[in-house]
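Chemist: Here's a structure for you.
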Amino acid sequence: MVLGPDTPIARNPNVVYRELAEGGVLLRLDSGQYHGVNATGLAIWNLLEEPSTLAELNAGLEAQVEDPPAELEQEVRTFLEDLWARDLVVLDDS
């Protein structure tokens, strides 16, 4: 997977989620698999309400975090790559 800063990322339409006290859970309807996310993961998921690029997600998350760490962009990329590997998000690199 090549996730460039301008690659559009969207939620997989076969995934639903529920917010919990300390994060959330994503459910792939086609497989029945649950995937837990922490509060930061849930914030990223909420930013994906509309398809977004990696650059837009990083900017949106930085705006929500008081003192974002220097490695935030790489952590967001890694998280999105993990979501993609689990078929929870889709990429539109056409």
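Read the figures in this text as sums done on the coordinates, not as results from a lab. As the structure is a computational prediction, the values presented were derived from the model and not from experiment. Cβ sites come from the backbone with ideal geometry, for glycine too, and all protein chains shown count toward neighbours.
Chemist: How about region 15-94: which helices (runs of 4 or more DSSP H) wholly inside it have at least 1 residues that are in contact (Cβ under 8 Å) with a residue 40 or more places away in the chain and not acidic (Asp, Glu)? Don't jump to the end; show me each part of the working.
Modeler: Values: elements: 39-47, 54-64, 72-85.
Here the list reads 54-64, 72-85.
Chemist: Now, a different point. Any idea which residue in region 8-29 is nearest to the chain's Cα centre (by Cα), counting only those that are over 23 Å from Val65 (Cα atoms) and surrounded by 11 or more Cβ atoms within 10 Å (Cβ to Cβ)?
Modeler: If we filter region 8-29 for residues that are over 23 Å from Val65 (Cα atoms), which is where we start, we get 12-16, 27-29.
Narrowing the set further to residues that are surrounded by 11 or more Cβ atoms within 10 Å (Cβ to Cβ) leaves 12, 14-16, 27-29.
On the way: Asn12: 11, Asn14: 15, Val15: 12, Val16: 13, Leu27: 14, Arg28: 14, Leu29: 17 Å.
Ranking the qualifying residues of region 8-29, first place goes to Asn12.
This table checks each residue for (1) among the hydrophobic types (A, V, I, L, M, F, W, C); (2) in contact with a Ser or Thr (Cβ under 8 Å, 6 or more places away or on another chain).
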| site | (1), (2) |
| --- | --- |
| Tyr17 | no, no |
| Val25 | yes, no |
| Tyr34 | no, no |
| Thr53 | no, yes |
| Glu56 | no, no |
| Glu62 | no, no |
| Val76 | yes, no |
| Val90 | yes, no |
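Chemist: Then there's this: Has region 40-60 got any residue that is among the β-branched types (Val, Ile, Thr), in contact with a Lys or Arg (Cβ under 6 Å, 6 or more places away or on another chain) and crowded, with 18+ Cβ neighbours inside 10 Å?
Modeler: No, region 40-60 contains no residue that is among the β-branched types (Val, Ile, Thr), in contact with a Lys or Arg (Cβ under 6 Å, 6 or more places away or on another chain) and crowded, with 18+ Cβ neighbours inside 10 Å.
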